[in-house]
Amino acid sequence: MTSAQQPAYDHVLTGGTVVDPASGTDARLDVAISGTRVAAIGTGLAADAAKVTDVTGQRVLPGLVEGHTHIFQHVSKVGAPPEEAHLRRGVVAAADAGTAGASTFAAFRKLVVEPTEMRIVDFLNVSVLGLIDFRFGELLNPDTLVVDDALETAAANPDVVRGFKIRLSEDVVGEQWETLLKKSLSLAEQAGLPLMVHIGETSEPLPVVLDHLRPGDIVAHCYTGKPHGILDGDAILPEVLAARERGVLFDSAHGKSNLSFEVARRAIAQGFLPDVLSSDTSARNWRGPVFDLLTSMSKLIALGVPFTEAVGRATVRPAALLGLDGEGYGRLEAGGPAHVTVVAETEEVVLPDAAGNSITAPRLEPTLVLHHGAPVETVPWRGLPAE
């Protein structure tokens, strides 16, 4: 490039290993960015850039997509701050999982979706109340499931509502679980959207619940250590395997009380990986034990999930489920939006689960986050070093 020539690229990340499960890329390559788009991915691109960032020894990922979180801050007691808990920790798109219901959705849109820089969609709670406070089950009064309200909200907000959510724990639905589940499935069928079902401490064993679910519906908290999970002793329940075979999806959804290392370790050893790897971040857990999506990924990688598989389940797979793949989320490719999360592996730290256990393992830390090509100021991790 001569002094009279303008550089071809605004910014090039060089020296890192690009890991993009959507394209099968796992190689040391440069990533060139012009404006808000990825201009090129290849070798030798740094020589023609206005700015070069050396990320040698680090992994260059698509911007992460959080498939399950709670970010209805200032209205719900469980709402975490979306940008601090997610964007500034490497997540560029996220799905709120049932914090808002039809009666609170307008506030969710105005207070969270519209002013937040990152892309936000949601699974609308089937209760018009939404999840305002974990202490009070939103469906204990079954009349709060108003089908017409949910359908109207979904139809009026297709850019945001990407599914519905029901919590089936006994303290949320009482004795009406089956009636409420069937009503929710009918609602989802009418809207042409999936239903996410929260398990753990259901009144009936999981196979009874799975019998009702359709292809594309999602079981949240697949590694829960609470009663009625996916294991029978050390083995995966055959009904769980059959449900997956017919297209039911399983979400790891860590949360404050729904990830057991013992369950996850046994399931992963049998090849049962989550379809969606999510954090279930909320105001109750984003300072621990969950922290963020990258920490949730680190835990499952330490338990045996291959790195590339973990990345795919936190990028391209949730993007496809949420209908965000058409907007370029979940992949890193020339011509696509410049959403990039660069991560480095730290020294070993103490990583807790939600059942009182801990492991000591390396952790993934975001060293650079680009959102529409612009750098995002990251925030430090809040966990503990290894002893």
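The values are calculated or read from the model by the stated rules, or taken from the named source; none is laboratory data. The shown structure was predicted, so the numbers you read here are calculated from the model rather than taken from an experiment. Note that we place each Cβ from the backbone using ideal geometry, even for glycine, and neighbour counts take in every protein chain shown. Note: accessible area is taken over every heavy atom of the protein model, side chains too, but ligands, DNA and RNA are not part of it. Shrake-Rupley method; radii C 1.70, N 1.55, O 1.52, S 1.80 Å.
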Checklist entry - Hey, among the residues in the range 55-92 that are among the polar types (S, T, N, Q) and more than 12 Å from the chain's Cα centre (by Cα), which one's least open to solvent (accessible area, probe 1.4 Å)? => result S76
Item to check | Given (1) over 22 Å from T17 (Cα atoms); (2) touching a residue at least 12 places away in the same chain (Cβ under 8 Å); (3) open to solvent by 10 Å² or more (accessible area, probe 1.4 Å), index of the condition E309 fails | outcome: (1)
Item to check | Residue identified as crowded, with 24+ Cβ neighbours inside 10 Å, more than 20 Å from F134 (Cβ to Cβ) and charged (D, E, K, R) among D20, D26 | outcome: D20
Item to check | Among residues of the range 252-275, those that are among the aliphatic types (A, V, I, L, M) and closer than 22 Å to V78 by Cβ, counted | outcome: 2
Next on the checklist: So in the range 108-131, with the set limited to residues that are touching a residue at least 12 places away in the same chain (Cβ under 8 Å) and open to solvent by 60 Å² or more (accessible area, probe 1.4 Å), which one is nearest to V376 (Cα to Cα)?
Outcome noted: E117
Checklist entry - Got at least one residue in the range 215-229 being surrounded by fewer than 22 Cβ atoms within 10 Å (Cβ to Cβ) and among the hydrophobic types (A, V, I, L, M, F, W, C)? => result no
Item to check | Selection count where residues are part of a helix (DSSP H, G or I), charged (D, E, K, R) and within 22 Å of A320 (Cα to Cα), scope the range 182-228 | outcome: 1
Item to check | G44 being in a strand (DSSP E or B) and not basic (K, R) | outcome: no
Checklist outcome for this item: Selection from the range 287-306 of residues hydrophobic (A, V, I, L, M, F, W, C) and open to solvent by 10 Å² or more (accessible area, probe 1.4 Å) yields F291, I301, A302, L303
